[in-house]
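Student: Quick one: the structure is below, questions incoming.
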Amino acid sequence: MTRLGKIGTRDAFDAAAADFAALGRHLWEPIGADAVSVASPQPGERVLDACCGTGASAIPTAARVGSGGLVDAVDISGPMVAELRERAAGLPQLHAHEADVTAWGGARYDLVQSVLGVFFFPDMKAGTRHLIGAARPGGRVALTIWRRGAMDPAGRQLALAVADVTGTEPPGERPKRPGDRVNQPESFSAWLSALGLSEVDVLVRERTLSMAPEVAWLLVTGSGYRGVLSELGPDEVDRVRERYLARLDETGLTDLDTTTLVGTGITA
Ligand SMILES: C[S@@+](CC[C@H](N)C(=O)[O-])C[C@H]1O[C@@H](n2cnc3c(N)ncnc32)[C@H](O)[C@@H]1O
């Protein structure tokens, strides 16, 4: 089972949108705020926030660029964008767009950032190259990804819980994803350089998520993991919740590694 189960990225995040913001204060917002502090948007700057979700990085960025700046926040999921529009009502400099950002044709930006998004692109390299191309010459790019191993133990226990409940074969190790080749500081740095960025720097942001039962379940319903529930009926979802929480308990998974890598560089 992949992180998204059998449905696609957009459907998974459409379904997750309602709980995404609730999970936000535990997970997305601290990560977004940290990414923004590294990218350091300045008053008056034009910023592309790719894969913006409900605005964990786009909203603090809009506050920093101020009324003289602009943030184009782009997400492929309509419900995510609708939630962001509500949350950003007082920030007219933030423009929320429902679109596939790998085909976004917006103007040249001073800063292009994407937090926990690029590994969802069907062609991660081409999609990221497209984002880099949206920055003006000499512009900044800041991309946040999970460090290798982050999130996986929760995904594993969820996959096993689904197998327990549906009586299907327990899954083996999760299949490799393109992001796995670049999710260490050295490989991420080399990848960003190969994509044409200069002055590349990768920061490791160690963090953990405390897995109290309500947060642990929000992690499923308010993230891309939501996709694994898509084909289950309500009773099965209840049983998966029970089994998943029991498994976290049995395996002592009280603190989940949610470490990120924040990679920055300058375009030619
Ligand atoms: C893990 S969420 C992160 C959201 C936000 N950046 C944050 O940190 O809270 C990933 C987001 O990427 C979006 N996404 C995935 N592929 C996309 C694409 N091709 N174009 C635009 N958004 C995309 C999903 O809809 C989802 O909202």
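Student: Could you compute the net charge surrounding residue 192? Neighbours are other residues with a C-beta less than 14 Å from the C-beta of residue 192; K and R count +1, D and E count -1.
Tutor: +1
Student: Could you work out the helix-only [θ] at 222 nm for the chain, with each DSSP H run of four or more residues adding -39,500 (n - 2.57) and the total divided by the number of residues, to the nearest 500 deg cm²/dmol?
Tutor: -12500 deg cm²/dmol
Student: Oh, and also: Helix 124-133: angle to the longest alpha-carbon principal axis of the chain, degrees 0 to 90, nearest 10?
Tutor: Compared with the principal axis, the helix lies near 20 degrees.
Student: Work out how much length residue 180 to residue 33 would gain on full extension: take 0.36 nm times their residue separation and subtract the Cα-Cα distance, in nm to one decimal.
Tutor: 50.5 nm
Student: If you don't mind, another one. Note down the Stokes-Einstein diffusion coefficient of the range 9-266 in µm²/s, whole number, using a Kirkwood radius over alpha carbon pairs, 4 °C, and 1.567 mPa s.
Tutor: Rounded, D is 69 µm²/s.
Student: While we're on this one: As a footprinting exposure proxy, order 189, 230, 37 by other Cβ within 10 Å, with the fewest listed first.
Tutor: The fewest-first ordering by Cβ neighbours comes to 37, 230, 189.
Student: The chain: longest stretch without exposed GluC sites (Glu not before Pro) (DSSP loop, at most 15 other Cβ within 10 Å), sites themselves excluded?
Tutor: 1-172
Student: May I pose another question? Let a ≥ b ≥ c be the square roots of the eigenvalues of the Cα gyration tensor of the range 1-146; is it rounded (a/c under 1.5), or, if not, prolate (a/b larger than b/c) or oblate?
Tutor: It comes out oblate by the Cα gyration axes.
Just so you know, all these numbers are worked out from the coordinates, no wet-lab data involved. The model shown is predicted, which means the values in this text are computed figures rather than measured ones. Don't worry about glycine lacking a Cβ; one is built from the backbone with ideal geometry, like all the others, and counts go over all protein chains shown.
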